[in-house]
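Working notes, structure below.
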Amino acid sequence: MNEILEKRILSDGVKDIIVSSPHIARKRKAGQFIILRIDECGERIPLTIVDSDPVKGVIRLIFQEVGKTTYHLGELEVGDVIQDIVGPLGRPTHIEKFGIVVCVGGGIGVAPVYPIAVGMKAAGNEVISIIGSRNKDLLIMESEMTDASDRLVVTTDDGSYGLHGFVTNALQNLIDEGIKIDLCVAIGPVVMMRAVSNLTKKYNIKTVVSLNSVMVDGTGMCGGCRVGYGDGTKFVCVDGPEFDGHLVNYDELILRQQAYIPQEKESMERYHKCRLDKLAEKEEG
Ligand SMILES: Cc1cc2nc3c(=O)[nH]c(=O)nc-3n(C[C@H](O)[C@H](O)[C@H](O)COP(=O)(O)OP(=O)(O)OC[C@H]3O[C@@H](n4cnc5c(N)ncnc54)[C@H](O)[C@@H]3O)c2cc1C
Ligand code: FES
């Protein structure tokens, strides 16, 4: 259980792993996530279940190395075991036949949007996907998103591939083409989800976003993931992670995401130092 069975590098700092987890593989639905702890001293981090195979009893996780735990996870190899994986957590994506569904994924957000595009297409929707990255080398899952969509538009911020610009430029183009969008699903950095939601609000397009707030327990007990929503507050782990993009208080979410930057920096520095010490010990010994 929890053994890494396959590992691939998708782009600089983005890893794709297949992990043995029969119970989660059997139950998981699009939009859900797990919380893992690499070892008994590790912190708990949430990752979306990108795919699963209930017959083989495996789940697929794709992650970007941004701090201590994701770097540590990226260093594990095939055969290594992750100590704890809890899930599936969160409410599954509401999937039905809406009509035309536009799936927008930015950066690592392409990974969580992929199972939703697959589910929406299987439900009979016309799926138009827009995926974007800073440059061509950082783009992930283009061929899988092509298969999951009726039409795929790629954007890069620097114009090195696809349309030069942001995912919102591509979305505006679709609206200008006169395409009647019944639902937009956007996943990526908070600033991207806010920009998409601001755009779709102008055109009254129903929009769902998946929020990546800081989580601890993932069961609604600690309050760490709370987010301002409409006139109230929601817990992303149990009420989400998907929400109406027009009701999210993005400014508060950004502030809460930045709340632990000094501690995260210190933890990363300690991790690097510990690795260097271990290397030095090995060389000496
Ligand atoms: C429901 C959900 C699904 C997610 N799915 C994916 C995914 O499929 N792939 C992926 O690469 N990332 C995903 N994330 C984000 C991922 O959890 C964070 O990148 C990870 O926790 C960072 O941990 P770290 O120790 O490597 O970095 P840290 O140094 O701890 O943090 C770097 C940044 O990551 C964010 N972060 C830190 N801790 C958490 C936490 N416990 N929960 C959420 N965000 C945190 C903060 O904004 C922080 O500034 C998801 C987040 C949520 C809430
Ligand atoms: S992670 Fe603790 S309440 Fe959501």
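The table that follows gives values for the structure above.
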quantity: Rounded tilt (10° steps) of 110-122 against the dominant C-alpha axis of the chain; calculated: 50
quantity: Cα-based reach from residue 278 at 15 Å (exclusive), listing aspartates and glutamates while leaving out same-chain residues under 8 positions away; calculated: 75, 269
quantity: Cα-only radius of gyration and Dmax that characterise the chain, units Å; calculated: 19.0, 68
quantity: Solvent-accessible area per residue for segment 240-285 (1.4 angstrom probe, square angstrom); calculated: 76
quantity: The chain - share of DSSP beta bridges that are antiparallel (%, nearest 5); calculated: 60
quantity: Charge-dipole axis of the chain as Lys and Arg at +1 and Asp and Glu at -1 on Cβ define it, positive-most pick from 155, 185, 58; calculated: 185
quantity: DSSP bridge orientation in segment 42-187 - percent antiparallel, rounded to nearest 5; calculated: 15
quantity: Alpha-carbon centroid distance for the pair segment 128-160 / segment 175-235, whole angstrom; calculated: 20
quantity: Estimated dipole of segment 227-285 in Debye, rounded to 20 [Cβ of Lys and Arg +1, of Asp and Glu -1, Cα centre]; calculated: 240
quantity: Surface share of carbon and sulfur [accessible, 1.4 angstrom probe, percent] for the chain; calculated: 50
quantity: Amide proton proximity set for residue 91, modelled H, under 5 Å, gap of 5+; calculated: 240, 242
quantity: Placed amide H near residue 185: partners under 5 Å, 5+ positions off or other chain; calculated: 102, 103, 104, 208
quantity: 32 Å Cα-Cα threshold exceeded, pairs from 56/265; 97/234; 7/206; 29/273; 29/234; calculated: 56/265; 7/206; 29/273
quantity: Dipole magnitude (debye, nearest 20) for segment 42-118, charges at Cβ of Lys, Arg, Asp, Glu; calculated: 340
quantity: Size of charge dipole - segment 100-210 - debye, nearest 20, with Cβ of Lys, Arg +1 and Asp, Glu -1, no other charges; calculated: 420
quantity: Probe 1.4 Å, protein heavy atoms only - accessible area per residue of segment 111-182 in square angstrom; calculated: 44
quantity: All aspartates and glutamates inside 13 Å of residue 180 as judged from Cα atoms, apart from same-chain residues fewer than 8 positions distant; calculated: 126
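The values are calculated or read from the model by the stated rules, or taken from the named source; none is laboratory data. As the structure is a computational prediction, the values presented were derived from the model and not from experiment. For neighbour counting, all protein chains shown are included, and Cβ atoms are generated from backbone atoms with ideal geometry for every residue, glycine included. Just so you know, the surface numbers come from the protein's heavy atoms only, side chains and all, with ligands and any DNA or RNA stripped out. Shrake-Rupley method; radii C 1.70, N 1.55, O 1.52, S 1.80 Å.
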